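**Q** Dropping a structure here in structure tokens format, bear with me for questions.
The values are calculated or read from the model by the stated rules, or taken from the named source; none is laboratory data. Because the structure is a prediction, the values reported are computed rather than measured. Here the Cβ positions follow ideal geometry from the backbone for every residue, glycine too, while neighbour counts run over all protein chains shown. Areas reflect the complete protein model, heavy atoms only, side chains present, ligands, DNA and RNA absent. Shrake-Rupley method; radii C 1.70, N 1.55, O 1.52, S 1.80 Å.
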Amino acid sequence: MPITPTDGDQNDGLVRIIRALANPEGSDLGREWVAIESNAPMIVDLSGWSIRDKEDRRQTILGSIEPGKTRRITLDRTTPQSAQLGNRGGQIMLVDPAGVKVAAVSYEAASPGAVQHFVSE
């Protein structure tokens, strides 16, 4: 199911979206990324999790994330169904293997190369 503006932002769980580069300088292909951070007290297995865009296109995540650490996920865009971030704004959702939305953020258009920040650092 595609993300819609009525789904709203939620970004205060054990794993949250902290930054993204939606509009890299030059070609976007393989250069967009989303950074997540763990607030969990234990290692979180991310196998089966995904980053989804507003059209419900997906980037599968592998591996894990340790407590208090951040991890950058590069959007590879290998197929038309792969997640991609719109240069004019959009939404990013982090979804667990059961299909539960763990985090969601909205972003606006940014200049090429500008990193979007979703939490105070």
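**Q** Set the Förster radius R0 to 22 Å, insert the Cβ-Cβ distance between Asp9 and Thr70 as r into 1/(1 + (r/R0)^6), and round the FRET efficiency to 0.05. The partial results should precede the final answer.
**A** Working: r = 19 Å, r/R0 = 0.87.
The pair Asp9/Thr70 has a calculated efficiency of 0.70.
**Q** Any idea what the dipole of the chain comes to, in debye rounded to 20, about its Cα centre with Lys/Arg Cβ at +1 and Asp/Glu Cβ at -1?
**A** On the way: 13 positive and 16 negative charges, 34 e Å.
Dipole about the Cα centre, nearest 20: 160 debye.
**Q** By how many nm would the segment from Glu25 to Ala98 grow when fully extended, if each residue of separation counts as 0.36 nm and the alpha-carbon distance is taken off?
**A** Computed gain between Glu25 and Ala98 is 22.8 nm.
**Q** Another question, then. Could you do me a favour and compute the accessible area per residue for the chain, 1.4 Å probe, result in Å²? Mind dumping the intermediate values first?
**A** Numbers: 6450 Å² over 121 residues.
With the other protein chains kept in place, the chain gives 53 Å² per residue.
**Q** Could you look at region 70-121 and say what percent of its accessible area is carbon and sulfur, using a 1.4 Å probe and all protein chains? Please report the intermediate quantities before stating the final value.
**A** Details: 1320 of 2840 Å².
Heavy-atom surface of region 70-121 belonging to carbon and sulfur, 1.4 Å probe: 46 percent.
**Q** Another question about this same structure. With label points built 7 Å along Cα→Cβ from the Cα atoms of Glu55 and Ala40, find their separation and express it in nm.
**A** Modelled inter-label distance: 3.0 nm.
**Q** Net charge near Ile65: determine it from the other residues with C-beta under 14 Å of the C-beta of Ile65, scoring Lys and Arg +1 and Asp and Glu -1.
**A** Working: positive: Arg16, Lys69, Arg71, Arg72; negative: Glu37, Asp45, Glu66, Asp96.
My count for the surroundings of Ile65 gives 0.
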